[in-house]
Amino acid sequence: MSSEEHEVVSIYPFTDDEREELLSKAGECVFNWSTKDGWPVGVVHAFVWKDGRGWITCGAHRHRVSAIKRDPRCSVVVSGVAAPNGPNGAITFKGRAIIHDDEETKSWFYPALAYGPYTRAGKEGEMTEEEKAAAEGFVQRLNSPLRIVIEIVPEKWIMLDSDKMAKDTMGTLSDEERGPLLEADAERMPKELEKRGLS
């Protein structure tokens, strides 16, 4: 899926391949939603990136499930720190959550989550018997009657390629690598500098 299919607001964007690499290598994200009284809340989740969507899981009784039933708008934050040997930076995507409580979704998601650390490390084919037993045990623990799977469908990307930012600081970033200038930088920053006597 191309990032051009969604709104992108990033001065230092990742390429589509870099974005896919970071999200695929990251096993952790912060999932954010709004409570009924308007408070933004986020929690750290184990995370699977598949088919251009983010996937997480929790118990059906959790407050976040009631919240996204009420309002599916949410966001996901993924740090490059959670993606060893991946691109340097971070990605946020706004989107809408879909709740899945079907066996077809659970049957691929639970193993993907349990075996994810080994897959991302490139050692799934080299797992020891103890590691295989641990992963299978995790699959069994995940497979509980109360558990649901949440799919987050991206609608807007906010990306920070830290290497591009560093190149820009050094004056070596090309125009082709740079994203479009944001309203915050093109309009609000000059006004704020003028207000502070720094223009």
Practice task
Go through segment 180-199 and count every residue that is hydrophobic (A, V, I, L, M, F, W, C), modelled with pLDDT of 90 or more and in a loop (DSSP other than H, G, I, E, B).
Solution key: 1
Handout entry: Qualifying positions in segment 181-199 - without any contact (Cβ under 8 Å) to a residue 60 or more places away in the chain and within 20 Å of residue 9 (Cβ to Cβ)
Key = 183, 184, 186, 187, 188, 189, 190, 191, 192
Handout entry: Residue that is surrounded by the most Cβ atoms within 10 Å (Cβ to Cβ), among those in segment 45-72 that are under 17 Å from the mean Cα position of the chain (by Cα) and part of a loop (DSSP other than H, G, I, E, B)
Key = 47
Fill in the blank from the handout: Checked segment 38-52 for anything farther than 23 Å from residue 144 by Cα and at pLDDT 95 or above; matches are 39, 40, 41, 42, 51, 52
Exercise for the section: Confirm whether residue 97 is among the small types (Gly, Ala, Ser) and closer than 18 Å to residue 30 by Cα. Expected result: yes
Handout entry: Verdict on residue 184 being touching a Pro at 6+ places or on another chain (Cβ under 9 Å) and of a type in the set (Gly, Ala, Ser)
Key = no
Problem - Subset of segment 9-20 that is surrounded by fewer than 18 Cβ atoms within 10 Å (Cβ to Cβ) and not hydroxyl-bearing (Ser, Thr, Tyr) - its residue that is modelled with the lowest pLDDT - result: 9
Handout entry: Output for segment 20-52, where each listed residue is in contact (Cβ under 8 Å) with a residue 40 or more places away in the chain, in contact with an Asp or Glu (Cβ under 8 Å, 6 or more places away or on another chain) and under 22 Å from residue 106 (Cα atoms)
Key = 46
Practice task
Quick one: which helices (runs of 4 or more DSSP H) lie wholly within segment 80-179 and hold at least 1 residues that are touching a residue at least 24 places away in the same chain (Cβ under 8 Å), within 23 Å of the chain's Cα centre (by Cα) and over 26 Å from residue 15 (Cβ atoms)?
Solution key: 103-120, 129-142
Handout entry: Failed criterion for residue 36 (all others in (1) part of a loop (DSSP other than H, G, I, E, B); (2) under 25 Å from residue 160 (Cβ atoms) hold)
Key = (2)
Practice task
Give segment 81-135 a look and list any residue that's exposed (fewer than 15 other Cβ atoms within 10 Å of the Cβ), more than 24 Å from residue 59 (Cα to Cα) and not aliphatic (A, V, I, L, M), or say none.
Solution key: 84, 85, 122, 123, 125, 126, 128, 129, 130, 132
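The values are calculated or read from the model by the stated rules, or taken from the named source; none is laboratory data. Quick caveat: nothing in here was measured; it's all calculated off a predicted structure. A quick note on method: Cβ atoms are made from the backbone with ideal geometry, for glycine too, and the neighbour counts reach across all protein chains shown.
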